[in-house]
1. Just checking, does segment B:142-158 include any residue being in contact with a Phe, Trp or Tyr (Cβ under 9 Å, 6 or more places away or on another chain) and over 30 Å from B:ARG265 (Cβ atoms)?
2. When the residues of segment A:276-318 are narrowed to those that are modelled with pLDDT of 90 or more and among the polar types (S, T, N, Q), which ends up farthest from the chain's Cα centre (by Cα)?
3. Could you list all residues from segment A:161-183 that are over 30 Å from A:GLN140 (Cα atoms) and in contact with a strand residue (DSSP E or B) (Cβ under 6 Å, 6 or more places away or on another chain)?
4. Would you pick out the residues in segment B:97-119 that are more than 7 Å from chain A (Cβ to nearest Cβ), surrounded by fewer than 24 Cβ atoms within 10 Å (Cβ to Cβ) and touching a residue at least 24 places away in the same chain (Cβ under 8 Å)?
5. Could you please give the count of residues in segment B:20-33 that are touching a residue at least 24 places away in the same chain (Cβ under 8 Å) and either in a helix (DSSP H, G or I) or not charged (D, E, K, R) (or both)?
6. Return a yes/no flag: does segment A:266-275 have any residue that is modelled with pLDDT under 85 and not in a helix (DSSP H, G or I).
7. Mind telling me which of the residues A:VAL481, A:VAL504 ends up being farther than 28 Å from A:ILE361 by Cβ, β-branched (Val, Ile, Thr) and surrounded by 10 or more Cβ atoms within 10 Å (Cβ to Cβ)?
8. Is one or more of the residues making up segment A:70-87 surrounded by 22 or more Cβ atoms within 10 Å (Cβ to Cβ), of a type in the set (A, V, I, L, M, F, W, C) and either in a helix (DSSP H, G or I) or at pLDDT below 85 (or both)?
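The values are calculated or read from the model by the stated rules, or taken from the named source; none is laboratory data. Because the structure is a prediction, the values reported are computed rather than measured. Methodologically, a virtual Cβ is constructed for each residue, glycine included, from the backbone with ideal geometry; neighbour enumeration extends over all protein chains shown.
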Amino acid sequence: MLQNFFKRVSQSPTNPSSKAAAREFDVADLYRGPVDVKDAFASAVPLDEKLRQAYFWIVNHAVISPFYDIEYNEGASQTFPVGERGNLVQLPSGQSYCSFVLMPLLTFAVRAKCLLVGGPGRGKTSSAVLMGVLAGYPIQEVRRAIQKGQPQMTISDLLGSPLPSDLIKAQSIDQIGIAWRKWLGMRVKIIDEYNRIPTRTQSSLLTLMSDNYAELYDQTLECPEAAWYLTANDDAGGGTYQVIEALRDRIDVVVKALHFNSRFLGELLERIEAGIRPEEMMPAQILFTAAECDQVHREIRSIPIPAQVLRRLEFFASQFEYCESAAFQFEYKTKDTVKLSGIDWQQISSAESGKDKLKDIGAQTKNGVSVRALMTTLMFVKAMSYFRGAAQVDLEDLRQLIPFVLHDKLVQDPDCPFFESADNASFRSDKIGWIRRMFDMSCAEYDRLQLDRDDPVLKMSIEFEKGLDGLEQREVRKRMVEIERLLKSWSGSRKFYGHMYDDVLKLKYLHQRYTNYLRWLTWKE
Amino acid sequence: MFEDQRDALNALFRSRIKQGAKIDSQAFAEHIRTRIVPCVEAISLVLPERTRLSTLELFEVSLDLFMVGHFENESKTPHLYRLWSEHLPKLAKHLACDPRRVAGSLSNALIKIEMQSSHTAERWLSHVETAAQYTESVDELLNLGKAAAWLSGMPHYRTSAIAAMRLLPKSLILRLLEMPLDLNEPDIHTSLEKMVVDPWYSILGSNSSDAMQVRQVGHCGAFVGFGGEMRKPPVVTANEGMLVASDGQHVWQIFADRFGAVTQRIDLSPFHENKIQKKTDPRLTTGGLIRWGESQLKRPDLANASSSAFDGGTFAVTIPTSFQVVLFAQTAPLAHSVIPAVKTVATPGVGA
């Protein structure tokens with residue numbers, strides 16, 4: 001029976017590698033009896049398991065999106081070249097996931113902001129609605145709470161209106177009561193076609209998204225921590241209004257709604273004939289209460305990121321900001337300087353010399369990675385590890401997740417020689433593949449430099465972090481000399497890459513801290 | 001309302017009959033009309049989109065119950081009838097979220113509680129009815145049910161029920177304990193912790209040594225012919241910190257606290273030993289005087305007791321002419337307990 005099919009939740013453990021929780025006999029025995037209510041103990045299911053059950057219910061029963069583009073392997077996997085260009089089809093040997101379902105779910109878990117892009121009718125809004133239902137809201141409430149972007153949308157439409165009686169009676173502006181819109185208090189917020197919202201209204205949305213409060217007539221409404229889902233038919237500025245950059249920057253991850261695979265038309269037919277809407281059939285045992293959402297968030301934050309994995313991210317992120325021709329002073333040699341100056345990027349980038357532009361991934365972008373993007377990356381990789389039931393973040397988690405976070409953050413320079421090669425031309429349109437390729441190149445470079453084995457800047461940083469208390473002048477001078485020697489060894493090379501730029505700045509920072517300390521020691525003595 | 005699901009529901013009913021279930025179709029139709037329909041109607045007002053799923057699940061849960069003979073005779077499980085006809089419709093908010101879990105769990109619980117005592121079932125329903133409206137989720141409701149079971153007179157669940165209670169919001173705990181909501185109780189959780197350790201700890205009453213006196217706090221055990229468990233007048237002893245009673249054929253562990261006293265059968269060798277604790281406190285004299293530190297209690301009806309035992313908190317006494325075990329503790333008056341002692345603690349019926 002089709003209804004029963006929709007009620008079915010994947011059996012635990014959904015990822016057998018993760019540990020199962022032990023259950024003690026207690027008063028819960030009260031609820032065992034003639035009626036089989038195994039689900040009565042659903043609350044005893046670890047929340048990461050519940051999250052996986054929710055994922056598998058959505059991919060198996062709700063969203064027909066048979067794309068396993070987040071690939072994990074356990075051992076060797078099989079690969080098959082297809083087509084004239086020999087495009088590779090890989091059959092992953094580990095549990096792999098569909099980004100269109102997984103990313104919104106991780107967004108729900110970490111209460112982030114997710115942009116779903118893709119053509120009309122690809123299930124973007126439906127996917128967002130499922131997240132609202134997952135948070136325990138009635139389907140009608142979720143649908144009513146969707147903010148539908150349209151050119152006439154006003155701030156009042158979005159936030160609320162002053163009470164008419166107060167407008168007449170009030171002696172001062174703070175006496176005007178506001179009828180806030182109900183959606184502001186929800187833990188899942190959905191903005192449909194956000195690129196059709198007028199620019200002025202976008203600005204009020206920005207305050208809400210960035211600072212989590214709404215403001216009208218000097219009155220503010222603090223909103224609960226929420227997961228945001230924004231949809232857009234065209235991410236490349238094809239909406240009615242240009243999306244303000246600050247708003248775009250607030251979006252944490254971008255997911256593409258892929259096409260409908262016509263091999264699954266039969267499933268669509270079954271749903272039509274049975275009159276079934278999956279979002280109305282979501283099993284209760286995968287719904288998350290507010291307390292459970294808080295708990296999931298806490299548990300995700302506690303997932304550790306090993307130093308080796310963090311170092312790879314540092315190395316990757318450090319390669320994008322450096323721009324040799326941007327400034328005279330070393331600290332300002334950044335792409336940000338170029339952007340703020342308004343100078344044509346082509347003019348600057350063509351002046352870059354001395355580097356292999358095919359190998360330098362920094363040459364492929366027009367900007368660097370922001371702090372917000374890095375924080376989002378850290379949170380999402382933790383969430384990914386949590387979702388997989390792992391005890392700590394794995395390098396593969398970082399590799400798989402980073403393209404979705406940086407999708408709209410890294411601005412590609414399509415004129416970079418890297419994209420001229422036939423093998424790389426497709427990366428001009430495939431941003432996910434492009435960012436993942438850059439990460440792979442970064443890791444290859446990291447391995448070539450043997451930084452896991454020999455990273456003098458890391459050694460100096462660790463030494464410094466032990467503290468300056470009790471350090472004698474002789475030792476301080478010795479460390480300063482070591483910094484100077486290292487800088488001298490680099491100064492002869494003509495090839496100066498982004499990661500070295502960050503290293504040099506770090507060395508300068510350490511040298512300055514030691515200099516200040518040395519001055520203080522001299523004064524003290 | 002069931003029109004569009006008629007085929008599915010009929011198929012479900014037929015599949016159960018095929019499995020060999022003997023279900024009176026007329027009684028089931030009456031059950032649908034008087035119990036399922038009110039629930040579904042209530043759900044349709046709260047979460048209309050869950051009506052279809054809820055109908056299906058309530059139908060299945062009902063079949064589960066009919067298959068094992070419930071709903072056949074109202075006098076057999078009167079509280080189950082009340083749960084479905086009066087209480088479940090009021091829980092539509094939770095029922096809509098997870099019909100099988102809510103209806104199934106509460107039905108299972110009520111069947112189990114009713115097997116222990118009709119009074120306990122009555123109290124449990126009353127607790128659930130009073131506090132359920134303040135619960136926010138199904139988990140909260142079920143934790144409330146667990147806590148209510150203990151408060152209704154199931155002391156064997158005390159530790160785990162308190163653990164479930166600690167998951168509830170403070171206001172709900174206060175409602176369950178029938179304490180004022182504005183009670184200046186700095187840490188209700190600390191009190192709950194004390195109740196785990198000390199079965200006679202009183203939240204509202206004084207726990208100072210001045211207020212402590214030896215008092216009768218309950219009784220348990222009854223003649224098998226009157227619906228009890230004992231075939232012969234029992235004797236008691238203390239075994240590894242537990243109070244146990246035996247009628248010579250079977251052994252039961254005695255659980256007692258401020259909210260009730262029960263026996264639970266355990267797998268131990270039966271015993272006939274008749275020991276009276278006369279040398280250490282608490283002690284019982286041949287004349288029926290209980291001495292416990294500075295406090296004492298005269299109970300002539302317990303003169304010539306057949307056995308007594310102490311587990312560190314509760315003092316159990318039996319006499320040769322009764323099927324009951326009488327329980328004493330050094331505690332503040334039970335009138336301060338949440339459930340008035342008079343409901344759970346009757347004057348022990350000495351003599352069968």
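1. no
2. A:GLN308
3. A:ILE176
4. B:GLU114, B:GLN116, B:SER117, B:SER118, B:HIS119
5. 6
6. The answer is yes; a qualifying residue exists.
7. Testing whether each residue is farther than 28 Å from A:ILE361 by Cβ, β-branched (Val, Ile, Thr) and surrounded by 10 or more Cβ atoms within 10 Å (Cβ to Cβ) leaves just A:VAL481.
8. So far as segment A:70-87 goes, no, none of its residues is surrounded by 22 or more Cβ atoms within 10 Å (Cβ to Cβ), of a type in the set (A, V, I, L, M, F, W, C) and either in a helix (DSSP H, G or I) or at pLDDT below 85 (or both).
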